[in-house]
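Everything below concerns the one structure shown next.
The values are calculated or read from the model by the stated rules, or taken from the named source; none is laboratory data. The structure displayed is predicted, hence computed values, not measured ones. We place every Cβ from the backbone using ideal geometry, glycine too, and count neighbours over all the protein chains shown.
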Amino acid sequence: MKLLAVGVVSAILIASVAGITLLNSMSDAKTYTNVSSVRLQVFGNANEDDTIDQRDIDYIGEVIRGDRKASNLTDANNDGTIDQADIAQVNAIIDR
């Protein structure tokens with residue numbers, strides 16, 4: 001009985017090691033990280049250039065006028081509406 005138990009455990013162990021080895025050898029694909037996935041997403045970075053500055057204020061103004069499409073960060077005060085309050089929020093961020 002002990003011999004049978006040792007045999008079963010040995011078979012499971014060998015199968016596990018073989019499976020792990022096989023899976024590791026199959027993963028030749030390179031892994032790339034999307035820069036935006038590691039970028040800090042800050043409301044007010046309307047043009048998504050990683051700098052909150054006058055260009056973001058201009059971008060928000062263009063969105064308000066309908067000249068540009070809003071990004072997911074254009075609503076600087078996160079109130080659900082893109083308006084002059086967002087420009088004021090970006091100015092407050094710039095002024096610290």
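The residues in the range 1-40 that are under 30 Å from I94 (Cα atoms) and either in a helix (DSSP H, G or I) or at pLDDT 85 or above (or both) can be counted, and the count is 4.
In the range 58-82, the residue that is modelled with the lowest pLDDT out of those that are loosely packed, with under 14 Cβ neighbours inside 10 Å and assigned to a loop (DSSP other than H, G, I, E, B) is N72.
Among the residues making up the range 80-96, those that are more than 22 Å from the chain's Cα centre (by Cα) and more than 16 Å from Q54 (Cβ to Cβ) are T81, I82, D83, A85.
For R96, are the conditions met, namely being in a helix (DSSP H, G or I), loosely packed, with under 15 Cβ neighbours inside 10 Å and either among the aliphatic types (A, V, I, L, M) or out of contact with any Phe, Trp or Tyr (no Cβ under 6 Å at 6 or more places or on another chain) (or both)?
Numbers: in a helix (DSSP H, G or I): no; loosely packed, with under 15 Cβ neighbours inside 10 Å: yes; either among the aliphatic types (A, V, I, L, M) or out of contact with any Phe, Trp or Tyr (no Cβ under 6 Å at 6 or more places or on another chain) (or both): yes.
For R96, the condition - in a helix (DSSP H, G or I), loosely packed, with under 15 Cβ neighbours inside 10 Å and either among the aliphatic types (A, V, I, L, M) or out of contact with any Phe, Trp or Tyr (no Cβ under 6 Å at 6 or more places or on another chain) (or both) - is not met.
Against the test of being at pLDDT 95 or above and out of contact with any strand residue (DSSP E or B) (no Cβ under 6 Å at 6 or more places or on another chain), the options R55, R96 yield a single qualifying residue, R55.
From the list Q84, Q89, the one residue that fits, being among the polar types (S, T, N, Q) and under 14 Å from N45 (Cβ atoms), is Q89.
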